């Protein structure tokens, strides 16, 4: 269905001379990614609304995605299985952090997660996926981008806690997403 919609849009763009016919396949692929990402985010927000955790889900998505686009990781075979996997991972993490005291307000969990995530990302990022193999030059670029994303996220988390200690549960959601992304790198390697 997503492919069909992407083809219709791309054909209209070619017909209106907005894009060249030679670029048709590139636009189909790009639109497939865009549409599937939009649907995945909307689906996650709907799930978060049902479980009353919209802010936590947004934090999870932002921190996970920033690392994901720069470092790669495990890829599910279909868009639907990807959605099921990310839904399960995000909701499980958020639910644990909201409902289990150990995770909710625990600096030890936060710093252990930062250390483990940092170690795994530094060791493995970036990793190739079936749709994209990096050249040596691209690996260097994406490695640098992965490290910048990692250290930016760590800085945001630490500053958030320093400004307001009540942010700790939200910061734990952020580090759980970082940890899951880092584990996906290890699984893929």
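The values are calculated or read from the model by the stated rules, or taken from the named source; none is laboratory data. All of these numbers come straight from a predicted model, not from anything done at the bench. Methodologically, a virtual Cβ is constructed for each residue, glycine included, from the backbone with ideal geometry; neighbour enumeration extends over all protein chains shown.
Before moving on, here are some points about what is shown:
- Number of the condition not met by residue 46 [criteria: (1) over 16 Å from the mean Cα position of the chain (by Cα); (2) farther than 28 Å from residue 32 by Cα; (3) surrounded by fewer than 21 Cβ atoms within 10 Å (Cβ to Cβ)]: (2)
- Residue check for residue 164: touching a residue at least 24 places away in the same chain (Cβ under 8 Å) and loosely packed, with under 15 Cβ neighbours inside 10 Å: no
- Out of 35, 26, one residue alone is within 27 Å of residue 134 (Cα to Cα), surrounded by 15 or more Cβ atoms within 10 Å (Cβ to Cβ) and not assigned by TED's automatic domain parsing to the domain that holds residue 89. It is 35.
- From 46, 28, residue being free of Cβ contacts under 8 Å to residues at least 60 places away in the same chain and farther than 30 Å from residue 166 by Cα: 28
- The residue pairs whose first member lies in region 4-24 and is over 18 Å from residue 35 (Cα atoms), whose second member is assigned to a loop (DSSP other than H, G, I, E, B), and whose beta carbons are closer than 8 Å, counting only pairs six or more residues apart or on different chains, are 14/20.
- Within the set 15, 83, 64, 21, the sole residue that is within 30 Å of residue 114 (Cβ to Cβ) and either surrounded by fewer than 17 Cβ atoms within 10 Å (Cβ to Cβ) or at pLDDT 95 or above (or both) turns out to be 64.
- Residue 56 surrounded by 15 or more Cβ atoms within 10 Å (Cβ to Cβ), at pLDDT 95 or above and touching a helix residue (DSSP H, G or I) at 6+ places or on another chain (Cβ under 9 Å): yes
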